[in-house]
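Inspection log for the structure reproduced underneath, given as structure tokens.
Nothing in this text is a laboratory measurement; each read-out follows from the coordinates by a stated rule. All figures in this text were calculated on a predicted structure; none of them were measured in a lab. Ideal geometry is used to build each Cβ from the backbone, glycine not excepted, and the neighbour counts take in all protein chains shown.
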Amino acid sequence: MTASAPALTPVVGTLHALQVPIPYPMKTVTVLIDAPRQGPVTLIDTALDTPEARQAIEDGLSAFGLHWPDVERVIVTHHHPDHYGLAGVVEERSGAAVQMLDVEIGRGERYWHLWEEWLPGHIKHMADHGLPPELLATLELDSRRGKARVHPASRVQPLREGQHISLAGQEWEVLWLPGHADGHLGLWNEQESVLIAGDAILPRISPNVGLYAYTRPDPLGDYLQTLGKLEALNPARAVVGHHGPVMEGVQARARQLRGHHHERLDFIREEAKNEPRDAYRLSLAMFPRDLNTAGRRFALAETLAHAEHLHLLGQLARTWQGGAWVYHG
Ligand SMILES: [Zn+2]
Ligand SMILES: [Zn+2]
């Protein structure tokens, strides 16, 4: 162990969960390290690129007598900056194979490579759903700042739903858990009843489910199905991306989150029927509290995911009015 005593939690056999600092309200992200007697040295998720995160992972590796060049495989649960940020750096330092779910490679991962080309679409999407000019004005700069801490890998190998991989000397099934991200990956160990869940389910906070320009058309519909999957799977333990690293009671939490989204759907349906509005104005009703600029954009994307789900179900209509999509009964 190094002097900085990395926060490592044993998961299964040689697999350990490390808490890595991130400059977000969740404070840490879980990075898993596996150094089995046989099989590749593996990282699962990589954190956002900050000096503190690099140091924390370095310390975590050295607790097992390992250094960056020893990493042979990096599995990333989803493309969000706090999980994927350092993937390209690890790849460069170690030559490790970076792996993600095939769906994510075609969507979120691609987003980082086509970022410049996709940015105008991202901005237009937010404007079309009512994001006011003062919040739009800083969107590009904030996005650029965020992107600077993400280093996409140059080659990403696809994992496929239902495929089995070896981790900690045991077999794990690759799961597709879309909603929070289109190609969100889970790893399921039936023997130990352990799920590596990333942000597909979290204690304390509801994973953000947002509709963006580049996402699948109905992320909330996807997420409700994922919650059903998790409820049926009923793992004894899940390793989660934030507020973990390990949680129990996944089945009850999945039910609770489904109830929470249904309440929000009821709320949005009634609000839009009573007073037709664009998604931004609906988001002010759904999240009336004070939020910073980034928080208001998340609130818009989350509200929009609910409004579009209702639209696709035929429970709300939408019309182009005054330069934005207005949802109504
Ligand atoms: Zn995420
Ligand atoms: Zn996350």
Result of the Cβ filter at 8 Å on the stretch 273-289, keeping first residues that are basic (Lys, Arg) and partners that are surrounded by 18 or more Cβ atoms within 10 Å (Cβ to Cβ), at least 6 apart or interchain, is Lys273/Leu316; Arg277/Gly130; Arg277/Glu271; Arg277/Val326; Arg277/Tyr327; Arg281/Gly130
The condition of being assigned to a helix (DSSP H, G or I) and more than 23 Å from Ala181 (Cβ to Cβ) holds, among Leu284, Leu300, only for Leu284
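Those residues that are more than 16 Å from ligand 1 (Cβ to nearest atom), assigned to a loop (DSSP other than H, G, I, E, B) and surrounded by 17 or more Cβ atoms within 10 Å (Cβ to Cβ), I need them from the stretch 67-94; list them, please.
Here is the first cut: in the stretch 67-94, the ones more than 16 Å from ligand 1 (Cβ to nearest atom) are 67-74, 88-94.
Those still in the list that are assigned to a loop (DSSP other than H, G, I, E, B) too: 67, 71-72.
If the condition is that a residue be more than 16 Å from ligand 1 (Cβ to nearest atom), assigned to a loop (DSSP other than H, G, I, E, B) and surrounded by 17 or more Cβ atoms within 10 Å (Cβ to Cβ), then Val71 is the only one that fits.
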Expected output for the stretch 246-271 (first residue under 30 Å from Leu18 (Cβ atoms), partner part of a strand (DSSP E or B) and not charged (D, E, K, R), Cβ below 6 Å, 6+ apart or cross-chain) is Val246/Val239; Met247/Ala238; Met247/Val240; Val250/Ala238
Here the residues within the stretch 27-39 that are under 25 Å from the mean Cα position of the chain (by Cα) and either charged (D, E, K, R) or under 19 Å from His164 (Cβ atoms) (or both) are Lys27, Leu32, Asp34
Practice task
State whether the residues of the stretch 245-259 include one that is within 15 Å of ligand 1 (Cβ to nearest atom) and either over 21 Å from Ala197 (Cβ atoms) or surrounded by fewer than 19 Cβ atoms within 10 Å (Cβ to Cβ) (or both).
Solution key: no
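Whether any residue in the stretch 193-210 is away from ligand 2 (no atom under 15 Å from the Cβ), farther than 19 Å from Leu300 by Cβ and surrounded by fewer than 16 Cβ atoms within 10 Å (Cβ to Cβ) is what I want to check. Even if it seems obvious, please write down each step before you answer.
So in the stretch 193-210, the residues away from ligand 2 (no atom under 15 Å from the Cβ) come out as 193-195.
Next cut, farther than 19 Å from Leu300 by Cβ only: 193-195.
Restricting the remaining residues to those that are surrounded by fewer than 16 Cβ atoms within 10 Å (Cβ to Cβ) gives 193.
There is at least one residue in the stretch 193-210 that is away from ligand 2 (no atom under 15 Å from the Cβ), farther than 19 Å from Leu300 by Cβ and surrounded by fewer than 16 Cβ atoms within 10 Å (Cβ to Cβ).
How many of the residues making up the stretch 303-329 are part of a helix (DSSP H, G or I) and either on the phi > 0 side of the Ramachandran plot or surrounded by fewer than 18 Cβ atoms within 10 Å (Cβ to Cβ) (or both)? Steps first, answer last, please.
Of the residues in the stretch 303-329, the ones part of a helix (DSSP H, G or I) are 303-312.
Among the residues that remain, those that are also either on the phi > 0 side of the Ramachandran plot or surrounded by fewer than 18 Cβ atoms within 10 Å (Cβ to Cβ) (or both) are: 312.
So the answer is 1.
Tally the residues that are surrounded by fewer than 14 Cβ atoms within 10 Å (Cβ to Cβ) and within 11 Å of ligand 2 (Cβ to nearest atom), restricting the search to the stretch 7-24.
Taking the stretch 7-24 as the starting set, the residues that turn out to be surrounded by fewer than 14 Cβ atoms within 10 Å (Cβ to Cβ) are 10, 23-24.
With within 11 Å of ligand 2 (Cβ to nearest atom) added as a condition, the list becomes 24.
Total meeting the criteria: 1.
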Taking the stretch 227-245 and keeping only residues that are part of a helix (DSSP H, G or I), more than 19 Å from Thr303 (Cα to Cα) and in contact (Cβ under 8 Å) with a residue 24 or more places away in the chain, one is left with Gly228, Lys229, Leu230, Glu231, Leu233
Of the residues in the stretch 136-161 that are among the β-branched types (Val, Ile, Thr) and more than 22 Å from Trp172 (Cβ to Cβ), the one that is surrounded by the fewest Cβ atoms within 10 Å (Cβ to Cβ) is Thr138
Residues of the stretch 218-232 being more than 9 Å from Ala254 (Cβ to Cβ) and either in contact with a helix residue (DSSP H, G or I) (Cβ under 7 Å, 6 or more places away or on another chain) or surrounded by 17 or more Cβ atoms within 10 Å (Cβ to Cβ) (or both), in sequence order, are Asp218, Pro219, Leu220, Gly221, Asp222, Tyr223, Leu224
Condition set part of a helix (DSSP H, G or I) and hydrophobic (A, V, I, L, M, F, W, C), scope the stretch 95-113, selection nearest to Leu195 (Cα to Cα): answer is Val103
Going through the stretch 25-45 in order, the residues found to be hydroxyl-bearing (Ser, Thr, Tyr) and more than 13 Å from ligand 2 (Cβ to nearest atom) are Thr42
- Query: Quick one: is Ser166 surrounded by fewer than 17 Cβ atoms within 10 Å (Cβ to Cβ), touching a Pro at 6+ places or on another chain (Cβ under 9 Å) and in contact (Cβ under 8 Å) with a residue 60 or more places away in the chain?
  - Reply: yes
Of Arg160, Arg145, Arg155, the only residue that is more than 17 Å from the chain's Cα centre (by Cα) and within 20 Å of Tyr212 (Cα to Cα) is Arg145
- Looking at the stretch 208-217, is at least one residue away from ligand 1 (no atom under 16 Å from the Cβ) and either touching a strand residue (DSSP E or B) at 6+ places or on another chain (Cβ under 9 Å) or not in a loop (DSSP other than H, G, I, E, B) (or both)? no
All conditions in (1) touching a helix residue (DSSP H, G or I) at 6+ places or on another chain (Cβ under 9 Å); (2) over 30 Å from Ile123 (Cα atoms); (3) of a type in the set (A, V, I, L, M) are true of Val156 except (2)
